[in-house]
Structure formats: structure tokens, C-alpha cells
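Everything on this sheet refers to the single structure shown next.
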Amino acid sequence: MNAAKQQEKETRNTINKFYKIILGVVSAFGIVGADAQIIDQNQPINTGDIAGFYETDLAQSFKQTAGDIDGAGIYLYPEGTGGGQITISLYDALPNQGGSLLTSGTFSNPQPGNWVDVFWNDLAITPNTTYYLVFTSNQDDTLRIAGSSSLSYPNGQAYANPGYNPYNDDYAFRTYHEVLAPEPSTLALVGIGAAALLGFCRRK
């Protein structure tokens with residue numbers, strides 16, 4: 001290997017070490033910015049008209065991959081009239097089976113043919129354990145939930161009608177979990193430092 005190639009290899013190794021050190025510092029000291037919501041569970045099929053809010057006891061079971069949850073959403077069937085409020089509540093079991101309300105969030109003025117997402121304070125849960133989203137609305141005569149007319153989601157199913165009767169369907173729903181994103185200023189410093197180091201190595 002000639003001297004130029006050897007120098008180039010050493011430069012790349014030095015830069016890689018620099019990146020690892022900086023990322024280690026970021027991780028160790030928690031140099032993070034605003035929280036970000038990432039989709040964890042997702043059943044996006046919304047071609048079926050699964051249930052209306054005039055039906056009671058609407059719920060969807062699911063298993064979260066992450067050990068936390070800070071929001072959830074449902075997709076409204078395109079037909080109907082918007083308005084009112086939709087509340088999505090999280091339970092550790094079906095309410096008629098002794099389930100406890102863990103948290104909830106409310107969305108105002110929902111519109112048919114759109115996602116309704118609500119968020120709450122990040123809540124620690126047990127991953128890969130069945131939880132339940134319960135859906136209610138104060139405008140129950142027009143709003144409907146879309147979904148899949150077959151069990152497309154492998155980790156749960158839809159419930160409806162008095163007594164939370166199980167359906168062989170899934171609502172179109174999604175859940176969120178929280179991640180911590182690096183501060184933009186931190187990322188900028190990493191980039192500046194890498195550029196300076198690269199320039200120094202090239203001069204050397």
C-alpha cells in the first residue's frame with residue numbers, strides 16, 4: 001500500500017472514531033431535543049364500514065411492541081357528517097371485564113375520510129401484552145369507523161355492540177410511542193466537528 005492510500009485509510013478511521021465518540025457522548029448524557037411520536041402498531045386498511053358510533057362498546061385490542069404508548073388514532077369512514085368530539089381511551093382489559101382506564105385523549109371536529117389521532121402523556125406499559133382502545137363520541141348518529149372486514153391485524157380484533165362483542169374485523173387504527181430526538185444544535189456541532197477534523201487530516 002502506497003503512502004497516499006495509507007494516509008486516506010488512516011483519515012477514514014480517525015473520522016469514524018470521532019463519530020463514535022460524539023454519538024457516545026450524546027447517548028450517555030442524554031443530549032436530546034423534543035419528544036417525537038413514532039407509529040408502533042398500524043392497521044391501515046380502511047375499505048370497510050365496520051361500525052358506527054350509535055353502536056356502543058366500540059373497542060380494538062392490540063399489542064404494543066414498545067414499552068410505552070403516548071397516543072392512538074382511528075380512521076373514519078368517508079360517509080357521514082363531521083363535528084363533535086371523539087375520545088380514544090386506553091384500558092388494560094375490556095371495561096366489562098374489570099379493565100381499568102389508563103389514559104385517554106379527545107379530538108374535536110373530526111371529519112369523515114380522515115385519521116383521528118389523540119395524544120396523552122407518555123405512559124409506560126408492558127410490551128407484547130394485550131391492551132384495548134375504546135372509542136366514544138358525542139355525535140354518535142353520523143360518524144363511523146372504517147377498517148378491514150377480515151382479521152388483517154394479527155395481534156387483536158374489533159369489538160362492538162352491548163357487551164363488547166368480538167368482531168371478525170379490525171378497525172383502521174394506529175398507536176404511537178415516544179422517542180427522544182437529538183437536538184438540532186447537537187447534530188450541527190457533530191457535523192462541524194467532523195468537517196474540521198477532515199480538513200485537519202487532509203492538511204496533515
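Taken together, the values in this text are just the output of simple stated rules run on the coordinates, not laboratory data. Just so you know, these numbers come straight off a predicted model, no measurement behind them. Neighbour counts are summed over all protein chains in view; Cβ atoms, including those assigned to glycine, are modelled from backbone coordinates with ideal geometry.
Across region 139-148, rounded Karplus estimates of 3J(HN,Hα) from the backbone phi angles (6.51 cos²θ - 1.76 cosθ + 1.60, θ = phi - 60°) give 10, 8, 8, 10, 6, 9, 9, 8, x, 10 Hz, Gly and Pro being marked x.
Can you give the extra length, in nm with one decimal, that the chain gains between residue 38 and residue 140 once fully stretched, where that is 0.36 nm per residue apart less the Cα-Cα distance?
Working: separation 102, 0.36 × 102 = 36.72 nm, distance 2.96 nm.
Extra length available between residue 38 and residue 140 comes to 33.8 nm.
Amide H contacts of residue 167: 158, 159, 160, each under 5 Å away and 5 or more positions distant or on a separate chain (H built 1.01 Å from N in the peptide plane; Pro and chain starts excluded). In this structure the amide hydrogen of residue 94, modeled in the peptide plane, comes within under 5 Å of the amide hydrogens of 99, none closer than 5 places in sequence on its chain.
Going from the fewest other Cβ atoms within 10 Å to the most, the residues 75, 164 appear in the order 164, 75.
What size of dipole, in debye to the nearest 20, comes out for region 34-181 about its Cα centre when the only charges are +1 on Lys and Arg C-beta atoms and -1 on Asp and Glu C-beta atoms? Each step should come with its number before you reach the end.
Details: 3 positive and 16 negative charges, 31 e Å.
So the dipole magnitude of region 34-181 works out to roughly 140 debye.
A cut-off of 5 Å between modelled amide H atoms, ignoring neighbours fewer than 5 places along the same chain, links residue 114 with 76. Over all distinct Cα-Cα pairs of region 30-125, the Kirkwood formula returns a hydrodynamic radius of 15.0 Å. Panel order for 116, 134, by other beta carbons found within 10 Å of each beta carbon, from fewest to most: 134, 116. As a rough footprinting exposure proxy, the listed residues 170, 122 were ranked by other beta carbons within 10 Å of their own, and the order from fewest upward is 122, 170.
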